[in-house]
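> Could you have a look at this structure, given as structure tokens, before my questions?
The values are calculated or read from the model by the stated rules, or taken from the named source; none is laboratory data. The structure presented is a predicted model; accordingly, all values stated were derived computationally and were not measured. Using ideal geometry, Cβ is built from the backbone for each residue, glycine included, and neighbour counts are taken over all protein chains shown. Each accessible area value is taken on the protein alone, full model and side chains, heavy atoms only, with ligands, DNA and RNA left out. Shrake-Rupley method; radii C 1.70, N 1.55, O 1.52, S 1.80 Å.
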Amino acid sequence: MSVFLAQWGSDILTAGGAGLVAAYFAFQLGKQRRVPLTTPRASAAIAASGSVALVWPDDDDGAGWGQPEEEADTATRAALVKRLGLSTDPLDTAPSTFDILEALAAASAELGARLNRLRQRGEAFTLSVLGLEVQGKPHGAKAIVWLTPGAPAGDLAGAEQASFPAWRTDSQGALLWANHPYLQAVEAHDLEDARARDCALDRKARKDATLAAKGRSSTSTRPITINGKRRILRISLFPAHDGASGVAFDVTEEIETRDTLAREAKAHEETLNHLTDAVVVFDSTRRLTTHNLAFSRLWGLEDAWLNEGPSHGEWLDRLRQSAKIASARDFAAWKAQELSYYQEPGLIPDQTWTMPDGRILRVARQRQPSGGLLILFEDISDKMGLQARFKTLIEVQRATLDKLGEGVAVFTADGKLSLANSAFARMWGLEQSFLDALPEFDLVVERAILIHRDSAFWNELKARISDPSPQSRQEKQGEFICVDGTSLTWLTRPLPDGATLAAFADVTAARKVEMALRDKAAAFQDADRLKTEFVRNVSYQLRTPLTTIGGYTELLVAGVGGSLTPAQSDYLSAIGSASSHLGKLIENILDLAMIDAGQMSLDLGDVHVREVLEITAEIARTSSGNDQVKILVDCDDNVGVIRADNARIRQILFNLVSNALRFTGKGDTVTMGARRFEGSVRLWVSDTGPGIEINRQASVFEGFADGDRRAGVSLALVKRFVELHGGWVSLASPTPRGVTVSCYLPAEAANQHAAPELDLIS
């Protein structure tokens with residue numbers, strides 16, 4: 001029992017423990033001083049210990065037991081006899097100590113074998129037989145056996161009935177005694193089976209038992225396989241009388257729980273380190289026990305200092321010294337308030353700390369079950385800034401909405417008004433106080449229907465607000481006229497949060513303007529049609545007298561009326577030139593009128609650009625009658641063919657050349673040219689006559705520019721023809737003399753201007 005009591009910190013010795021000590025003392029005394037065991041001093045020690053001893057003399061041959069010397073007092077021997085149940089009849093001879101030993105040997109064959117080996121080989125042993133401890137040791141040539149009363153049956157009951165393995169070994173580590181859990185652990189049928197097979201929990205347990213017998217106690221925790229299952233045992237071995245005692249406790253659940261707690265603690269620590277919020281935990285003694293990386297970064301504290309576990313007050317002092325927190329008017333009172341949260345009952349409200357660097361922290365505290373305090377610091381600077389900006393944005397939006405002329409209202413999914421501007425209130429005759437109460441949609445309709453009495457419209461609008469289906473939550477718009485004649489356009493648009501925006505705009509003035517513009521456009525169309533018809537009629541009317549003038553002029557020039565003087569010939573030539581120019585002018589005016597009326601179409605075909613240039617130049621040389629102006633052609637041989645209206649291209653070039661000849665004189669030059677680019681061709685006509693001022697160049701293609709002699713119908717007609725082909729024109733006059741008009745034509749004209757029956761097939 002001493003082993004088990006020692007396991008729990010008791011210093012109580014078992015019955016018989018003193019006897020073991022005394023017997024060992026007696027043995028050592030005789031060994032060291034070389035005195036007979038039966039000295040008075042040894043006898044007194046043995047008698048005091050409650051043990052009896054048998055000593056075989058030196059001259060014993062070892063063949064039999066012989067009659068040994070014995071040392072025992074009468075009381076001790078009587079107690080042993082009584083314990084073994086030997087006869088104590090007064091008429092009988094009282095049993096001797098040797099009789100007791102023989103009785104024990106008869107009860108245990110192993111004891112007899114051990115006694116023989118002791119006498120023959122000097123092998124020491126320790127056995128427990130019938131509740132007595134038998135210990136044999138050699139002493140020189142002598143053999144000594146001690147018989148010590150072991151623990152009574154009641155004293156071993158606790159070990160026998162214990163739920164944990166318990167055992168006893170001799171000085172060599174051999175098993176002497178074991179309880180039932182031990183036998184189950186080593187898979188032995190009984191104690192004799194375990195002793196016969198020398199069973200042990202493992203090799204280390206046998207080795208530790210040998211060391212414990214020499215006075216070296218040991219406790220170790222290691223895995224042991226029991227009944228095919230891996231268990232973790234805490235095995236303790238203690239010195240006993242010439243042997244060792246051992247106990248083993250199954251700590252599998254304890255170890256697993258400890259490992260689980262360690263893993264959970266590590267996981268919690270890793271979790272805390274992944275948090276962006278700073279966390280610190282103080283224990284019941286107000287010392288720092290846990291913190292995460294965010295905490296050390298937030299306050300700029302060294303991990304080495306934090307790992308020393310400073311107190312809560314020391315941490316606050318450190319923050320104050322390093323100016324990490326805002327200075328308090330009464331720091332001592334503020335610090336006392338912080339430390340009072342360990343005892344104050346109830347929930348601790350959150351606080352906000354404004355840091356010297358402008359950051360704002362939310363401070364949340366939570367008491368721990370162990371009496372400590374957890375503090376969390378959240379940097380809400382960005383959050384507070386966002387909230388402030390959000391509030392400002394809302395106010396700006398409200399102010400902006402109130403400045404809008406459109407009436408805007410937002411209804412939630414349950415049909416309740418959440419936002420409306422002042423224009424909405426004016427439009428539907430609603431008081432601002434009524435809108436501030438955020439009424440239901442039906443209450444708004446009760447008043448608005450007085451202005452627009454179409455109940456179907458309001459029912460449809462309500463369905464769009466309250467119906468969450470994708471079919472209903474679509475943007476839609478329309479227009480209606482109120483009872484007072486006001487025209488309103490409306491629009492509904494679903495919002496991401498499930499609400500619906502309804503907007504109304506007063507377009508009465510716009511509709512009136514549109515109607516006036518339509519009337520004006522119709523009047524312009526009528527006027528343009530009348531103008532076109534007038535120009536056409538006038539042109540046709542002018543052609544008749546012009547033809548007569550030209551015909552009679554030709555007759556007079558031919559000498560039909562007789563010979564003419566040189567002066568008369570010059571006059572007739574001037575009349576002919578004027579009538580020819582007037583005829584071309586009339587044709588150009590008719591072409592312009594047809595283009596403006598949309599009645600001009602192109603007759604597309606292959607046009608050889610160089611050939612057209614040379615023909616036009618030759619005609620111009622022949623018809624101009626002015627051989628003092630040079631007409632040149634500047635055209636590459638590879639300019640090739642374009643798809644265009646051949647007649648209109650000739651008309652474009654002839655008009656440009658004619659316009660140039662009218663403003664050139666002796667010594668001037670008119671150049672016609674062409675260059676091909678990727679997908680287009682540039683035609684140009686340049687002259688060396690008077691230039692055009694920069695401020696008048698933009699109006700030369702308008703037809704009848706006031707005050708500009710070089711602007712005329714011919715240039716306007718050139719611009720129209722080029723645009724019909726899908727091209728554009730430009731004019732350059734960088735110096736006081738010289739004008740260049742360029743026409744950029746696509747290699748293949750746009751066929752939307754061609755006659756339908758002549759559409760090109762690409």
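Rundown of residues vs (1) touching a Leu at 6+ places or on another chain (Cβ under 8 Å); (2) at positive phi; (3) in a strand (DSSP E or B); (4) not polar (S, T, N, Q), yes/no style:
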{"position": "Ala162", "(1), (2), (3), (4)": "no, no, no, yes"}
{"position": "Gln184", "(1), (2), (3), (4)": "no, no, no, no"}
{"position": "Cys199", "(1), (2), (3), (4)": "yes, no, no, yes"}
{"position": "Thr221", "(1), (2), (3), (4)": "yes, no, yes, no"}
{"position": "Thr225", "(1), (2), (3), (4)": "no, no, yes, no"}
{"position": "Ile235", "(1), (2), (3), (4)": "yes, no, yes, yes"}
{"position": "Phe238", "(1), (2), (3), (4)": "no, no, yes, yes"}
{"position": "Ala244", "(1), (2), (3), (4)": "yes, no, yes, yes"}
{"position": "Val247", "(1), (2), (3), (4)": "no, no, yes, yes"}
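> If you don't mind, there's one more thing I want to ask. List, please: which pairs have Cβ atoms under 9 Å, are six or more places apart or on different chains, and start with a residue in segment 664-678 that is more than 30 Å from Ala747 (Cα to Cα) and end with one that is open to solvent by less than 30 Å² (accessible area, probe 1.4 Å) and modelled with pLDDT of 90 or more?
Thr664/Val670; Thr664/Asp687; Asp668/Asp687
> In segment 400-417, which residues are modelled with pLDDT of 85 or more and of a type in the set (S, T, N, Q)?
Looking only at segment 400-417, we keep the residues that are modelled with pLDDT of 85 or more, and these are 406-417.
Of everything in segment 400-417, just one residue is modelled with pLDDT of 85 or more and of a type in the set (S, T, N, Q), namely Thr412.
> Here is a follow-up. Given the criteria within 23 Å of Ala240 (Cβ to Cβ), at pLDDT 80 or above and either outside any strand (DSSP E or B) or not basic (Lys, Arg) (or both), does Leu115 qualify?
yes
> Going residue by residue through segment 307-325, is there one that turns out to be hydrophobic (A, V, I, L, M, F, W, C), in contact with a His (Cβ under 6 Å, 6 or more places away or on another chain) and not in a loop (DSSP other than H, G, I, E, B)? Steps first, answer last, please.
Going residue by residue through segment 307-325, those that are hydrophobic (A, V, I, L, M, F, W, C) are 315-316, 319, 323, 325.
Then keep just the ones that are in contact with a His (Cβ under 6 Å, 6 or more places away or on another chain); that gives none.
There is no residue in segment 307-325 that is hydrophobic (A, V, I, L, M, F, W, C), in contact with a His (Cβ under 6 Å, 6 or more places away or on another chain) and not in a loop (DSSP other than H, G, I, E, B).
> Which residues, taken from segment 201-212, are among the aliphatic types (A, V, I, L, M), in a helix (DSSP H, G or I) and open to solvent by less than 30 Å² (accessible area, probe 1.4 Å)?
Those that are among the aliphatic types (A, V, I, L, M), in a helix (DSSP H, G or I) and open to solvent by less than 30 Å² (accessible area, probe 1.4 Å): Ala205, Ala209, Ala212.
> Of the residues Asp330, Asp303, which is open to solvent by 80 Å² or more (accessible area, probe 1.4 Å) and either within 36 Å of the chain's Cα centre (by Cα) or farther than 30 Å from Glu479 by Cβ (or both)?
Asp330
> While we're on this one: Kindly indicate the residue of segment 118-146 that is part of a helix (DSSP H, G or I) and open to solvent by less than 50 Å² (accessible area, probe 1.4 Å) and also farthest from Leu176 (Cα to Cα) among those meeting that condition. Explain how you work it out, then say what you get.
Just the residues of segment 118-146 that are part of a helix (DSSP H, G or I), to begin with: 118-121.
Add one more test, that the residue is open to solvent by less than 50 Å² (accessible area, probe 1.4 Å), and what stays is 118-119.
Values: Leu118: 17, Arg119: 21 Å.
Here the residue is Arg119.
> Out of curiosity, is Ser433 open to solvent by 50 Å² or more (accessible area, probe 1.4 Å) and in contact with a Gly (Cβ under 6 Å, 6 or more places away or on another chain)? Please lay out each step first, then the result.
Details: open to solvent by 50 Å² or more (accessible area, probe 1.4 Å): yes; in contact with a Gly (Cβ under 6 Å, 6 or more places away or on another chain): no.
Judged against the criteria, Ser433 is not a match.
> Give the residue, chosen from Ala399, Ala409, Ala364, that is over 29 Å from the mean Cα position of the chain (by Cα) and surrounded by 14 or more Cβ atoms within 10 Å (Cβ to Cβ).
Ala409
> In segment 624-654, what count of residues is obtained for those that are in contact with a Leu (Cβ under 8 Å, 6 or more places away or on another chain) and open to solvent by 20 Å² or more (accessible area, probe 1.4 Å)?
6
> On the given criteria, is Gln651 of a type outside the set (Ser, Thr, Tyr), out of contact with any helix residue (DSSP H, G or I) (no Cβ under 6 Å at 6 or more places or on another chain) and more than 17 Å from Thr616 (Cβ to Cβ)?
It is false that Gln651 is of a type outside the set (Ser, Thr, Tyr), out of contact with any helix residue (DSSP H, G or I) (no Cβ under 6 Å at 6 or more places or on another chain) and more than 17 Å from Thr616 (Cβ to Cβ).
> Another one. Being of a type outside the set (Lys, Arg) and at pLDDT 85 or above is true for just one of Leu745, Leu760. Which residue is that?
Result of the check over Leu745, Leu760: Leu745.
> Here's a follow-up. Counting only residues that are open to solvent by less than 70 Å² (accessible area, probe 1.4 Å) and touching a residue at least 40 places away in the same chain (Cβ under 8 Å), how many does segment 213-231 have?
Result for segment 213-231: 2.
> Here's another thing I want to ask about it. How many residues are open to solvent by less than 50 Å² (accessible area, probe 1.4 Å), free of Cβ contacts under 8 Å to residues at least 40 places away in the same chain and under 19 Å from Met427 (Cβ atoms) if we restrict to segment 465-520?
13
> Please state which one of Val247, Val251 is within 48 Å of the chain's Cα centre (by Cα) and surrounded by 15 or more Cβ atoms within 10 Å (Cβ to Cβ). Steps first, please.
Working: Val247 fails: within 48 Å of the chain's Cα centre (by Cα).
After applying the criteria, what remains is Val251.
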